[in-house]
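Written out below as structure tokens is the structure these notes cover.
The values are calculated or read from the model by the stated rules, or taken from the named source; none is laboratory data. As the structure is a computational prediction, the values presented were derived from the model and not from experiment. When we count neighbours, we look across all protein chains shown, and the Cβ atoms used for this are built from the backbone with ideal geometry, even at glycine. To get the accessible areas, we keep the full protein, side chains included, count just its heavy atoms, and leave off ligands, DNA and RNA. Shrake-Rupley method; radii C 1.70, N 1.55, O 1.52, S 1.80 Å.
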Number of protein chains: 4
Amino acid sequence: MDQSPAEFPSNWGRWGDADQLGTVNLITAQARARGAAQVRTGLSVSLARETPAAPLFGGPMAALQADTTGVQTIMSFTGAAPMAMAELMLVTTHHPEVTHLDALSHMVVDGQVYPGIALAESSGPAGVVHGAADVFAGGIVTRGVLLDLAPGGKLADGHAVTADDLEAAAERAGVVVESGDALVVRAGWDRVPDHGRALPGMTSGAVRWMHEREISIYAGDIGDASPPVKDDVPGALHRLGLLRLGLVLIDGARAEELAAVCAEQGRHTFLFVAAVPRILGTTGLPVNPLAVF
Amino acid sequence: MDQSPAEFPSNWGRWGDADQLGTVNLITAQARARGAAQVRTGLSVSLARETPAAPLFGGPMAALQADTTGVQTIMSFTGAAPMAMAELMLVTTHHPEVTHLDALSHMVVDGQVYPGIALAESSGPAGVVHGAADVFAGGIVTRGVLLDLAPGGKLADGHAVTADDLEAAAERAGVVVESGDALVVRAGWDRVPDHGRALPGMTSGAVRWMHEREISIYAGDIGDASPPVKDDVPGALHRLGLLRLGLVLIDGARAEELAAVCAEQGRHTFLFVAAVPRILGTTGLPVNPLAVF
Amino acid sequence: MDQSPAEFPSNWGRWGDADQLGTVNLITAQARARGAAQVRTGLSVSLARETPAAPLFGGPMAALQADTTGVQTIMSFTGAAPMAMAELMLVTTHHPEVTHLDALSHMVVDGQVYPGIALAESSGPAGVVHGAADVFAGGIVTRGVLLDLAPGGKLADGHAVTADDLEAAAERAGVVVESGDALVVRAGWDRVPDHGRALPGMTSGAVRWMHEREISIYAGDIGDASPPVKDDVPGALHRLGLLRLGLVLIDGARAEELAAVCAEQGRHTFLFVAAVPRILGTTGLPVNPLAVF
Amino acid sequence: MDQSPAEFPSNWGRWGDADQLGTVNLITAQARARGAAQVRTGLSVSLARETPAAPLFGGPMAALQADTTGVQTIMSFTGAAPMAMAELMLVTTHHPEVTHLDALSHMVVDGQVYPGIALAESSGPAGVVHGAADVFAGGIVTRGVLLDLAPGGKLADGHAVTADDLEAAAERAGVVVESGDALVVRAGWDRVPDHGRALPGMTSGAVRWMHEREISIYAGDIGDASPPVKDDVPGALHRLGLLRLGLVLIDGARAEELAAVCAEQGRHTFLFVAAVPRILGTTGLPVNPLAVF
């Protein structure tokens, strides 16, 4: 494992000093066409986890205890009798129970964000001006590859995922990961029912592998381990991947249904389509990536 | 124009008494495959309008006047020095400046929602239990067709769009709209710079045309006229389309870039992909529909 | 106990058809002066319970389980390095864990609010136009009386408080409750540590006693019983007191410290001062009533 | 005017290294009794400005332009037919249009807050642990003095208020400001109708005068000038008063009605009562201070 972040590869400057796209730059016309070639029936599978919306209200209806969730809603009174129903929705974007895309402005080191931009030139009280999530609003469309780390089951508690684990999963899938591919990782985990248990996650070696394979985006049902992997850079996926490599991350994805469909279809590749809402100036946005077959 | 809503066609019961999908039921395997066949290069175009996020803060930084927006954010303090940036996001889902999908629970008539469900069995203080937006979270994937009502320009103020207008646009595009297609309508309008002017919109005749053509979903840069079309059912797209037909609507779409790309590509058809965030139990959700070529 | 709400007294019309103050009308110059006469040292005691503010944030910091609370906050990033700290605060006004004043627009029966105003003329989507909490923003200042229902202890689970209970407490306190007095009730309960247990509360007979004694405002650490009192009007304090009598209520008060100070001072009367924030058009507002000695 | 903040007096350490009350420490039993002696009739006057609550909703009801306000609300749907009305309230505490108390954790200099506490020991993502607004929830009760800087009118645009201005107002009022008094300042300004004009404000000399007179709390319809006073410490009331002196501030107060009542009553002194909602761990809270006569 990489214990010295200083020696870890960096993409700062690789696509210019003002780059906002990071590894999404790797999605060339060729990579995209490789994705397009995956589409046959139009069957789609969601890679988002279900996020319950906690209702906000008082009075005798108010709950006194609750699981927390990244989304809260309040149903709006539109008059009596109501002619329409609507709600206000509060989203704590980076909550682990919301499938969301991390923009490159999300992580900070020594007052800088990818690719060496001063924090003050990236984010302020009024929002993000450089490296916001909406730079991806045109759609991230490329070939997707499912790497299932625990086919039919669940990765062991606290497992530190290595490059070899990823490589082995690719071999099982019969896939060669190519430059610009979207990586979808399944470990069989889900934050909600599992809280209290040690969440598996990526080692810095695994992140290095992603760098070498030139993946464009990472979407997994696991990401960084919690508690952190011992004797390794803590939060390697975010602090090495996102911050140094400009690796675009989708946190809190789900791949249970995808794994089932891949098995049915006899292939682990598909068209990966991710379209964040076109809301400007944020460090992240909820997203529902689709695998289209 | 249809002046008597009672005589307007209805889909209540067409797909069962407990249906939640409405016209999305029209997306058969055949319709989806017709969409899949549109994909060649993987080029994607967003159909979402840009939604600025208004910052929420006080002190000397507080603005005293502002355009309103459907999204407000507050950048979160994560400690000093910050290691990450994040925000809370407040979304007023059905605000006209947010491109969003209307669930079938959104509109109410005489205490009922589509397809004849009592309001109390659809929505309550805790959210939506029948007809929520997340029923579409698996992805709406079908062939999309762009009908441009004002190629290269802008529809006249307050224009009442008829079936003939839609038919003429289809002819100009050289397209036959087929059962299960997604309809993308461009009128060259955008709410924000145009406020104060009479927004064009659909007549009940246009909605009847959509019913006859069996479109599965409507996404337009216009929807219902404001003020309402004279001598017609007010809010025909929502009150006849969504409520009686179960026509799934995407409000506040944009088609400027799509029109340009269609012109370049020499075709007005594409794969339409819409994936709402998988947030449960709401009457609507922000969405960024993509046209994939 | 009163089992027939129809025979329960009503103040609808007593202070005019458009009244917004309800029983606060009973605070005459004489009642107020009686309060003023209580002030000697200026010692003040808060009657508000402590409301923790639940932080709203995501990432590794997000909690996955929590007690709910009526107030949530998010600390605002004001730049790096920060020159000021500030937060956004979300208040679900009528949450039982927030000490708050109920405006007379809060309760509805058969489409009407006190004193017989149609709901549509009181509240709409844009807020309250008749009977809002801010009508009390000039300050509610009168004599306060503490009735301790369980001196030194805690009222039995689910106890149904009767007129006799109140009368007995007044006798123990050596006080005659007079027209325009504010009633502060202590039962030794606090919602938070007690959830799951049967909360004591007022019977309709107790509310009738308040009517006969002409109290101007009720502030208690208990209010309506939960579950409701058997064989009585459910929610008598809110549905008979607030709705029919226009009795202004302060929900979720605390009287532990007040009871201690009253014992020390050898008197159960004081100047009662309640000043809601001057926020316009709401059905309720957080408040911190003071007893001034 | 004081141009060198370094030479400006400081109260850091005066009441201990862990003090959270600042100048409120000056409210001794004697000062409080001086306040109590002001109470005769119980007549109360609010010192809070009216804060409209902007409604949050979408659809055809959504406004596209608005004055901003520090409070937004959304009326809650409690079912059809509704049995109660309630709302969610969003408060951007330090917004100039909300009368609010600034806690001593609000202002930061060189990573420290009053009285020399490291920012990280005062505020974090989860809220304030040292110097929160709720330390004043027991009630601030003392003698209040109205200093009217522009009797019957309005202070000139951008006027820089000096110690002499305050002294002259005290003389006009026939009052000697004493240790522990609450200072209420009227300049005849209100942010809302006046935006775009130069707001008058306190000079560092005026703040020094407050220090010498040992006032316990400042509530004014003006505070710091905007734009800042030329050739003086910018934001003197907040950066010298609150931060160095621990001077507790109430921003956005109103004194129009108070001035009228003082004139009627023939006195400029009264009992000052301020009770913030007992919400824990914030940098500020809405408040409605009362003058009781």
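Listed values, structure above:
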| quantity | calculated |
| --- | --- |
| Conditions (1) of a type in the set (D, E, K, R); (2) more than 30 Å from B:Leu43 (Cα to Cα); (3) touching a residue at least 60 places away in the same chain (Cβ under 8 Å): number failed by A:Lys154 | (3) |
| Among (1) part of a helix (DSSP H, G or I); (2) surrounded by fewer than 24 Cβ atoms within 10 Å (Cβ to Cβ) - the single one A:Leu237 does not satisfy | (2) |
| Only one of C:Ser216, C:Ser204 that is polar (S, T, N, Q), more than 30 Å from D:Phe293 (Cβ to Cβ) and open to solvent by less than 30 Å² (accessible area, probe 1.4 Å) | C:Ser204 |
| Condition broken by D:Asp232, with the remaining ones in (1) surrounded by fewer than 18 Cβ atoms within 10 Å (Cβ to Cβ); (2) touching a residue at least 24 places away in the same chain (Cβ under 8 Å); (3) part of a loop (DSSP other than H, G, I, E, B) satisfied | (1) |
| Candidates B:Ser10, B:Ser46 - the one that is open to solvent by 20 Å² or more (accessible area, probe 1.4 Å), touching a Lys or Arg at 6+ places or on another chain (Cβ under 8 Å) and not aromatic (Phe, Trp, Tyr) | B:Ser10 |
| Scan of the stretch A:243-255 for residues that are in contact with a strand residue (DSSP E or B) (Cβ under 7 Å, 6 or more places away or on another chain), more than 12 Å from chain C (Cβ to nearest Cβ) and not in a strand (DSSP E or B), ordered by number | A:Leu243, A:Leu247, A:Arg254, A:Ala255 |
| Boolean, D:Gln72 is within 27 Å of the chain's Cα centre (by Cα) and at pLDDT below 95 | yes |
| Among the candidates B:Ala260, B:Ala275, residue that is open to solvent by 10 Å² or more (accessible area, probe 1.4 Å), within 11 Å of chain A (Cβ to nearest Cβ), closer than 28 Å to B:Arg40 by Cα and small (Gly, Ala, Ser) | B:Ala275 |
| Where a residue in the stretch D:34-48 is facing chain C (nearest Cβ under 7 Å) and its partner, wherever it lies, is part of a loop (DSSP other than H, G, I, E, B) and charged (D, E, K, R), with Cβ under 8 Å and at least six apart | D:Ala36/C:Arg40; D:Ser46/C:Arg278; D:Ser46/D:Arg254; D:Ala48/C:Arg278; D:Ala48/D:Arg254 |
| Meets criteria (at pLDDT 95 or above and not hydroxyl-bearing (Ser, Thr, Tyr)) for A:Ala18 | yes |
| Which numbered condition C:His106 fails, given (1) within 23 Å of D:Asn288 (Cβ to Cβ); (2) within 13 Å of chain A (Cβ to nearest Cβ); (3) over 15 Å from the mean Cα position of the chain (by Cα); (4) touching a residue at least 12 places away in the same chain (Cβ under 8 Å) | (3) |
| Of all residues in the stretch D:172-201 being among the charged types (D, E, K, R) and more than 20 Å from D:Pro289 (Cβ to Cβ), the one that is least open to solvent (accessible area, probe 1.4 Å) | D:Asp194 |
| Strands (runs of 3 or more DSSP E) completely within the stretch B:58-158 that count 2 or more residues being open to solvent by less than 10 Å² (accessible area, probe 1.4 Å) and under 30 Å from D:Met107 (Cα atoms) | B:71-75, B:87-92 |
| Qualifying position, being in contact (Cβ under 8 Å) with a residue 24 or more places away in the chain and within 12 Å of chain C (Cβ to nearest Cβ), among A:Thr162, A:Thr93, A:Thr142 | A:Thr93 |
| Candidate set: the stretch D:15-32, residues that are in contact with a helix residue (DSSP H, G or I) (Cβ under 8 Å, 6 or more places away or on another chain) and open to solvent by 50 Å² or more (accessible area, probe 1.4 Å); chosen: the one farthest from C:Ser44 (Cα to Cα) | D:Trp15 |
| Residue within the stretch A:179-186 that is within 9 Å of chain B (Cβ to nearest Cβ), in contact (Cβ under 8 Å) with a residue 60 or more places away in the chain and under 25 Å from A:Asp17 (Cα atoms) present | no |
| Filter pass, A:Ala225 being among the small types (Gly, Ala, Ser) and free of Cβ contacts under 8 Å to residues at least 12 places away in the same chain | no |
